[in-house]
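Quick notes on the structure that follows.
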Protein chains: 2
Amino acid sequence: MAETVPAAPAGSKSEQAYALIKARIVEGTYSPGHRLVLARIAGDLGVSVVPIREAIRRLEAEGLVTFERNIGATVAGIDPTEYLYTMQTLSIVEGAATALSSPLLGAADITRARGVNEEMRTCLKDFDPVRFTRLNQEFHSVLFERCPNPHILDLVHRGWNRLASLRSSTFRFVPGRATESVDEHEALLRLIESQAGADAIEKAARLHRSATLDAYLAQSSAADSS
Amino acid sequence: MAETVPAAPAGSKSEQAYALIKARIVEGTYSPGHRLVLARIAGDLGVSVVPIREAIRRLEAEGLVTFERNIGATVAGIDPTEYLYTMQTLSIVEGAATALSSPLLGAADITRARGVNEEMRTCLKDFDPVRFTRLNQEFHSVLFERCPNPHILDLVHRGWNRLASLRSSTFRFVPGRATESVDEHEALLRLIESQAGADAIEKAARLHRSATLDAYLAQSSAADSS
DNA sequence: AAGTACGAAATCGTATACGAAGCGTAGGAG
DNA sequence: CTCCTACGCTTCGTATACGATTTCGTACTT
């Protein structure tokens, strides 16, 4: 036998704690604003607070949690301003990642992306924001995941993670954007298939995301003044 | 009196440790590959290892140190591949930051940047790579520091920090690039003064950095084949 | 002479313990 | 009735202690 304990997920407890807390944030178990009490989490995991503290520090540096001295950690909420900044940043790094990734995409990748996009299209009737958002992430993942620069890829992942806590929010908030989004996806695929220049692909990918942001902002300000 | 202890630099010891280690890495006291022994640092600071561990975790998440389980932390070196990735990432985020910042730059900022650039020009004779690199950072800081998106700004800072450990290396390695660099700076300033579009400024800023990277790569491969 | 196995030293990983700082509540004074 | 103060509870911050893991040196075997 390899292990005394059947399930030893990761090496160190600090590592496990990191993975667990991050997962819970991304998946929504810990929603924004949720207070992360060290002793509580330590108890849940059956470990002491020390590894938990280290995990929290890492998450803090990644921007997933905020931490105040002598106060504690809370899941980083995303107020509208934060959302704006995060989306803008993501538009830039994801645009770059997609452009760098595009020459490395094979026919199979394009087919897969197109399949996902078709699924999104069928999803438009009896609209399910959560499912739509999941598919949306999958679609874009196919396009940028082959980016050869690991730093940029990491930044893209972090951006998506930050938005993950919002889950579905954007498309729930601006459902009208979903249709346009699907169309833009197809256009983006054609651009990549035609071996368009990196500049063109980057710009298209960036604008695609900016457009979602703009739709959100328009909706938001309309709601304000209503 | 406000404080019992005259000098209480920062709030928590973990914070102090973070600041100190980061400073030592950036300033070069801890050079790449340097092993960061927890007990040693703890002794230096007169604290226990726990706050040190937290500081290291944060630095790890920022990419300034690498950490291996049961082995320890070392200052993240930058091998040529890492350098390439970091510069490419920086070209993208700094380009974006500069473009976003440019509309907010006042005449005073432009004047200051131009002054720094002139200093760089005089620095070309009896070339001092360290000083030149410092001025180079100052020049670019003026241009991107007003970027209203704190996330992007943070990414730019992190990129510069990662490169800081190399200190001077690039321009020492490719001194010929320094002259071009100064000229491109002036061109960039004119572009900003003329209220050029964000696209043009972003592209110029990005290419400016890419060109440095390319010069490095050319030099590097030439050295290999010699 | 080279390779391997054993053991000691160094270092990391985590638990426990205790002190310090915030936060809420209850009680009294104005 | 309201505001201020004092107490106690919760939670964080750090030190210390001990077990676990790796590394390196040395001696022994082939």
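Across region B:26-41, which residue is nearest to A:E54 (Cα to Cα) among those that are within 13 Å of DNA strand C (Cβ to nearest atom) and free of Cβ contacts under 8 Å to residues at least 12 places away in the same chain? Per the criteria, the residue is B:A39. The criterion of at least 1 residues that are over 25 Å from A:D154 (Cα atoms) and of a type in the set (A, V, I, L, M) is met by the following helices (runs of 4 or more DSSP H) wholly inside region B:123-226: B:129-144, B:176-193, B:198-225. A residue that is within 14 Å of chain B (Cβ to nearest Cβ), in a helix (DSSP H, G or I) and open to solvent by less than 10 Å² (accessible area, probe 1.4 Å) occurs nowhere in region A:106-119. Screening B:D183 on (1) open to solvent by 60 Å² or more (accessible area, probe 1.4 Å); (2) of a type outside the set (A, V, I, L, M); (3) over 18 Å from B:G115 (Cα atoms) shows it passes everything except condition (3). Scanning region A:189-207 for residues being open to solvent by less than 60 Å² (accessible area, probe 1.4 Å), without any contact (Cβ under 8 Å) to a residue 60 or more places away in the chain and of a type outside the set (G, A, S) gives a total of 1. A:T122 - would you say it is in contact (Cβ under 8 Å) with a residue 40 or more places away in the chain and either among the small types (G, A, S) or more than 15 Å from DNA strand C (Cβ to nearest atom) (or both)? Spelling it out, it is not the case that A:T122 is in contact (Cβ under 8 Å) with a residue 40 or more places away in the chain and either among the small types (G, A, S) or more than 15 Å from DNA strand C (Cβ to nearest atom) (or both).
Which one is surrounded by the fewest Cβ atoms within 10 Å (Cβ to Cβ), of the residues in region A:69-86 that are out of contact with any Ser or Thr (no Cβ under 6 Å at 6 or more places or on another chain) and at the interface with another protein chain (Cβ under 10 Å from one of its Cβ atoms)? This residue is A:N70.
Every condition in (1) in contact with a strand residue (DSSP E or B) (Cβ under 7 Å, 6 or more places away or on another chain); (2) more than 14 Å from chain A (Cβ to nearest Cβ); (3) not β-branched (V, I, T) holds for B:N136 except the one numbered (1). Flag not set for B:G11, criterion: over 18 Å from B:W160 (Cα atoms), modelled with pLDDT of 95 or more and out of contact with any strand residue (DSSP E or B) (no Cβ under 7 Å at 6 or more places or on another chain). In the set A:E82, A:E94, only one residue is modelled with pLDDT of 95 or more and either away from DNA strand C (no atom under 16 Å from the Cβ) or over 20 Å from the mean Cα position of the chain (by Cα) (or both); that residue is A:E94.
Entry remark, region A:93-105: residues being open to solvent by 10 Å² or more (accessible area, probe 1.4 Å) and either among the β-branched types (V, I, T) or within 16 Å of DNA strand D (Cβ to nearest atom) (or both) number 0 in total. Here is the figure for region A:28-66: residues that are assigned to a loop (DSSP other than H, G, I, E, B), more than 14 Å from chain B (Cβ to nearest Cβ), of a type in the set (A, V, I, L, M, F, W, C) and open to solvent by less than 60 Å² (accessible area, probe 1.4 Å) total 1.
None of B:A76, B:A23, B:A17 is under 19 Å from A:E54 (Cβ atoms), under 15 Å from the mean Cα position of the chain (by Cα) and away from DNA strand C (no atom under 13 Å from the Cβ) except B:A76.
The rows are residues; the columns are (1) more than 15 Å from B:D109 (Cα to Cα); (2) among the hydrophobic types (A, V, I, L, M, F, W, C); (3) not assigned by TED's automatic domain parsing to the domain that holds B:A215.
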{"residue": "B:R134", "(1), (2), (3)": "yes, no, no"}
{"residue": "B:F144", "(1), (2), (3)": "no, yes, no"}
{"residue": "B:P150", "(1), (2), (3)": "yes, no, no"}
{"residue": "B:G159", "(1), (2), (3)": "yes, no, no"}
{"residue": "B:L163", "(1), (2), (3)": "yes, yes, no"}
{"residue": "B:F173", "(1), (2), (3)": "yes, yes, no"}
{"residue": "B:E193", "(1), (2), (3)": "no, no, no"}
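Return the only residue of B:A97, B:A55, B:A23, B:A76 being small (G, A, S) and without any contact (Cβ under 8 Å) to a residue 40 or more places away in the chain. Every option except B:A23 fails the conditions. Taken across region B:3-23, residues that are polar (S, T, N, Q), assigned to a helix (DSSP H, G or I) and closer than 30 Å to B:L191 by Cβ do not occur at all. Can we say A:E15 is within 14 Å of chain B (Cβ to nearest Cβ), under 18 Å from B:R58 (Cα atoms) and open to solvent by 60 Å² or more (accessible area, probe 1.4 Å)? The answer is yes for A:E15.
The values are calculated or read from the model by the stated rules, or taken from the named source; none is laboratory data. Not measured: the values here are computed from a predicted model. We place every Cβ from the backbone using ideal geometry, glycine too, and count neighbours over all the protein chains shown. Heavy atoms of the whole protein, side chains included, go into the accessibility calculation; ligands, DNA and RNA do not. Shrake-Rupley method; radii C 1.70, N 1.55, O 1.52, S 1.80 Å.
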